[in-house]
Amino acid sequence: MGRQQYLTRLAFGRSAFRDPEPSSLNEPKDEKNNSEYRQQYDSKGRPVNAATDAFNAQLREAQNEVLELVGVVERKDQSDRANETRRRSSREQRQALLAAENDNGEVLEYILLPISFLTHVWVESLLQRVQIGFYDASRSMWDIITHEWHSVRNARGNRRLAMLLPGLGDTIAHLAVRMPVILAAEQIVGRLQVHLLKRCKTRRSRERMCTAMTFGFQTVLAAVDVALLPMELYCSAQRLGLAPHLPLFPPLKFLLPWHGDSFHRFGWLPLLGLTSPAGLLLLHKVIHYDIDEERVPICSLFTPFRYAAITDHPTSSLLTALERPAIREDPLGWVLYQTWLIRTRFMQWSGW
């Protein structure tokens with residue numbers, strides 16, 4: 001009788017795997033006593049007992065608890081939560097370590113920046129004068145250094161400071177003019193970008209807007225650099241010994257574009273081939289700024305190779321594998337890859 005519902009579904013062309021109606025589980029229909037036990041059957045006509053199934057489930061649960069207590073097995077949900085907690089803790093520790101390294105690096109940079117500036121300016125100026133042939137080739141390097149140092153010692157007051165820090169006016173102009181302009185331009189461009197992004201509906205319009213903002217920001221910086229070119233030329237002449245150490249700043253007529261003695265009257269000729277003083281100074285300034293950038297913007301224009309993210313761990317097990325560029329197809333990328341590989345191996349060897 002238990003297979004009657006199963007055979008009935010087959011006879012009427014219904015699916016034999018469909019769950020039966022709730023009323024079909026109660027067999028038989030012609031019951032004579034309500035207290036009599038009624039056998040139940042599943043969809044396949046097999047006898048089932050709900051009380052036995054519940055007892056078996058409780059027994060299995062008890063067995064699993066005992067095995068978990070002695071450490072033979074562990075619950076999957078608890079294991080997943082433990083693994084997720086462990087991974088989250090590892091990520092948080094990694095981020096905290098990177099934040100601490102970044103903060104300590106900034107502090108060291110703020111400390112070493114003035115020290116390096118005060119120590120390398122005089123030496124760099126001396127090397128530049130030697131390279132251009134300012135001193136007689138028959139003199140030894142020790143004789144040149146001794147003569148320069150005696151000149152600094154014999155100077156007095158502001159002149160001694162100007163001789164130790166040649167070209168100091170360019171640094172003052174950079175800190176007093178270019179840095180405030182950069183900060184103001186960043187604030188203005190950032191607010192405009194946030195305001196205009198809300199109005200841009202499509203992705204292409206947002207990309208065009210970001211490109212226009214970047215171009216405008218770089219244009220402002222280029223205009224500031226062009227305006228400071230007379231100061232750059234004057235301070236370069238001071239470093240080379242071709243201009244007096246004092247005053248620190250050139251005359252005002254040297255800075256005004258419309259004056260006859262202005263740098264802008266002769267500094268841009270000849271403009272072709274970047275052989276003009278203005279072109280050479282701008283090229284030197286751009287290279288100097290790009291050296292301080294982490295991504296080396298000039299190199300990124302000629303190669304698709306990119307370094308791994310800073311959040312990647314430099315060990316062999318967790319480090320993101322970088323594809324090695326072919327030297328014939330991408331020579332610049334191959335050089336950058338070799339420098340990254342040397343750095344990574346050194347970090348692994350040092351036990352970082």
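Hand me the list of helices (runs of 4 or more DSSP H) wholly inside region 202-287 holding 1 or more residues that are in contact (Cβ under 8 Å) with a residue 60 or more places away in the chain, surrounded by 11 or more Cβ atoms within 10 Å (Cβ to Cβ) and under 35 Å from the mean Cα position of the chain (by Cα). Show your work before the answer.
On the way: elements: 203-227, 229-239, 252-255, 263-266.
Per the criteria, 203-227, 229-239.
Residues checked against (1) surrounded by 13 or more Cβ atoms within 10 Å (Cβ to Cβ); (2) modelled with pLDDT of 70 or more; (3) touching a Phe, Trp or Tyr at 6+ places or on another chain (Cβ under 9 Å); (4) assigned to a loop (DSSP other than H, G, I, E, B):
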residue	(1), (2), (3), (4)
ARG306	no, yes, no, yes
PRO314	yes, no, yes, yes
ALA321	no, no, no, yes
ILE327	yes, yes, yes, yes
LEU336	yes, yes, yes, no
GLN348	yes, yes, no, no
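Here is a yes/no grid of residues against (1) at pLDDT 85 or above; (2) farther than 24 Å from SER236 by Cα; (3) exposed (fewer than 13 other Cβ atoms within 10 Å of the Cβ):
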{"site": "ASP103", "(1), (2), (3)": "yes, yes, yes"}
{"site": "GLU106", "(1), (2), (3)": "no, yes, yes"}
{"site": "ILE115", "(1), (2), (3)": "no, no, yes"}
{"site": "TRP122", "(1), (2), (3)": "no, no, no"}
{"site": "GLY157", "(1), (2), (3)": "no, no, yes"}
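Test VAL130 against the stated conditions and say whether it is surrounded by fewer than 11 Cβ atoms within 10 Å (Cβ to Cβ) and part of a helix (DSSP H, G or I). Show your work before the answer.
On the way: surrounded by fewer than 11 Cβ atoms within 10 Å (Cβ to Cβ): no; part of a helix (DSSP H, G or I): yes.
Here the answer is no, as VAL130 does not meet what is asked.
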### Query
Only one residue in GLY273, GLY260 is small (Gly, Ala, Ser), at pLDDT below 70 and in the same structural domain as ILE172 (by TED's automatic domain parsing), so which one is that?
GLY273
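The values are calculated or read from the model by the stated rules, or taken from the named source; none is laboratory data. The model shown is predicted, which means the values in this text are computed figures rather than measured ones. Cβ sites come from the backbone with ideal geometry, for glycine too, and all protein chains shown count toward neighbours.
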